[in-house]
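What follows is one structure encoded as structure tokens, with my remarks underneath.
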Amino acid sequence: MSDNWLTGPVLEQLNSGVLVVDEQFQLVYLNCFLQRHGSVQLDEVRGQSLFKVFSDVPEAWLRRKFASVLELQSPSFSSWEQRHYVIKLPHMRPMTSSSQYMAQNCTMLPLSDEAGRRYVCLLIEDATDTFVYQQHLQSTLQKLEHSNRIDGLTQCLNRRYWEEQLKLEVQRALRYQQPLSLLLFDLDKFKQLNDQYGHLGGDSVLIELSARVRALLRDTDWFGRYGGEEFGIVLTNTALQGAVEVAERLCLAVSSLAVTFNECSIQSSISIGVAQLTNTGERAHEVLIGQADVALYNAKRNGRNRVVAFSPGETEFLLKTTD
């Protein structure tokens, strides 16, 4: 195949790769772009197998693609999203990409010469800029989604998202007739703690408290910040007795270890109200929160640093104390 028509100034200066192989997958032509990025010289590799010169190419996949192009005499395309690259070529953006290889959009075209010999032309477009942009976009969207769900201080769920999950879990529990329990707890005498150690000290305690609680929960539980120093935990597929046992472990974990802040040892405790889902109405999740809230009030009224389960007879909503 005469390559005079291939070696014109357009192909040689094109900022994309151009590669031509014959029906035996032997290299006929490489433009300057591929020679430069692939560290090969056309005069040295012409006539050699593509799979020998570029040993890292996906041989089985590329053979099928080329065979289809030759048989059907129809182009084929592969984007970087389907296969990041066909030929491993370095890119010029090592600091902004998670991959050291050029992202590639590849087009395979059928060719033939005057004698009727058939070839495949592989066009390689550098899509690294698009790949990097998509990476940054996805990272930004993930951070945005994370910030819409997570409380910035404690890294547990924020109230809005936590309540959404509570509603969904209540619906699921009612549909499949599975037990569901709710824990509401808050830090005892938090106002006094803030007054003594300042808000930074109070924040340190909330951060440490959240970490300890999270370590004792299952992946299927939903742990969220309900208010300033008040938190909620949705225990899926858990009846009241099991929920009380979890709550007691949490109480012990918080009270048994002090938090160090500015060389001060801060001792803290929590009070926990526990309720099991029994209401089947449209506002079942609100009823459940109210019941756990009443139990939490009783835990604080009865001395704090304790767990109290809601009793069905306690229907009157009581105002909580401020600490």
Subject >> Candidate lysines for bridging to Lys300, where Cα separation is under 24 Å - those fewer than 8 sequence places away on the same chain excluded >> reply: Lys189, Lys191, Lys320
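Under the 0.36 nm per residue contour assumption, what length would be gained going from the current alpha-carbon distance of Gln41 and Asp113 to full extension?
23.6 nm
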Original post:
Going by average Cβ neighbours within 10 Å, how do the peptides 271-281, 47-57, 22-32 rank, with the highest at the top?
Top reply: 271-281, 22-32, 47-57
Original post:
Can you pull the accessible area of Leu296 for me, 1.4 Å probe, Å² to the nearest 10?
Top reply: 0
Original post:
For Gln35, what is the net charge nearby, where nearby means another residue's Cβ is under 12 Å from its Cβ and Lys, Arg count +1, Asp, Glu -1?
Top reply: -1
**OP:** Would you mind listing how long region 27-98 runs along its three principal axes, going by Cα atoms, in whole Å with the largest first?
**Re:** 42, 33, 18
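Using r as the Cβ-Cβ distance of Phe77 and Gln48, and R0 as 22 Å, what FRET efficiency do you calculate, to the nearest 0.05? Before the final figure, lay out the partial values.
Details: r = 26 Å, r/R0 = 1.18.
Computed FRET efficiency for Phe77 and Gln48: 0.25.
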**OP:** Would you kindly state how much longer the chain becomes between Leu11 and Thr220 on full extension, computed as 0.36 nm times their sequence separation minus their alpha carbon distance, in nm to one decimal?
**Re:** 69.5 nm
**OP:** Using only Cα atoms, locate the centre of region 182-223 and the centre of region 124-158, then give the distance between them in Å, rounded to an integer.
**Re:** 28
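Keeping the other protein chains in place, figure out the carbon and sulfur percent of the accessible area of region 150-322, with a 1.4 Å probe.
Details: 4260 of 8710 Å².
Within region 150-322, the accessible surface is 49 percent carbon and sulfur.
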Original post:
Which length gain, in nm to one decimal place, applies between Asn302 and Glu245 when the Cα-Cα distance is subtracted from 0.36 nm times their residue separation?
Top reply: 18.7 nm
Original post:
What nm distance separates the two modelled labels at Ser256 and Gln100, each placed 7 Å from Cα along Cα→Cβ?
Top reply: 4.7
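Using a Förster radius of 25 Å, what is the FRET efficiency between Asn237 and Arg149 based on their Cβ-Cβ separation? Nearest 0.05, please. Mind showing how you got there, number by number?
Details: r = 22 Å, r/R0 = 0.89.
After rounding to 0.05, the efficiency reads 0.65.
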**OP:** Have a look at Phe33, Phe190, Phe131 and tell me which one the Gaussian network model of the chain (Cα, springs below 10 Å) gives the largest fluctuation.
**Re:** Phe33
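List the relative contact order of region 88-158 as a percent without decimals, with contacts defined as Cα pairs under 8 Å and 6+ residues apart.
Values: 63 pairs, mean separation 15.7, N = 71.
RCO, region 88-158: 22 percent.
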Subject >> Spin-label model distance (nm) - Ala60 vs Ser265, 7 Å beyond Cα toward Cβ >> reply: 6.3
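At 15 angstrom or more along the helix axis (alpha-carbon based) and mean Kyte-Doolittle of 0.0 or higher, what helices does the chain contain? Whole DSSP H runs only.
Values: long enough: 59-72 (19 Å, 0.03); 128-149 (31 Å, -1.18); 159-176 (25 Å, -1.42); 190-215 (28 Å, -0.26); 240-255 (22 Å, 0.98); 284-301 (26 Å, 0.02).
Sorted by number, the helices that extend far enough and score high enough are 59-72, 240-255, 284-301.
Determine Rg/Rh for the chain; Rg is computed over alpha-carbon atoms and Rh is the Kirkwood hydrodynamic estimate from the same atoms. It would help to have the intermediate numbers written out before the result.
Details: Rg = 32.6 Å, Rh = 25.0 Å.
My calculation puts Rg/Rh at 1.31.
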**OP:** Tell me the label-point distance for the pair Gln142, Tyr161, using the 7 Å Cα-to-Cβ offset, in nm and rounded to one decimal.
**Re:** 1.4
**OP:** Please work out how much accessible surface Tyr133 shows to a 1.4 Å probe, ignoring ligands, DNA and RNA, in Å² rounded to 10.
**Re:** 140
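The values are calculated or read from the model by the stated rules, or taken from the named source; none is laboratory data. In this text, all values refer to a predicted model and were calculated from it rather than measured experimentally. Neighbour counts are summed over all protein chains in view; Cβ atoms, including those assigned to glycine, are modelled from backbone coordinates with ideal geometry. These accessible areas exclude ligands, DNA and RNA; they are computed on the full protein's heavy atoms, side chains included. Shrake-Rupley method; radii C 1.70, N 1.55, O 1.52, S 1.80 Å.
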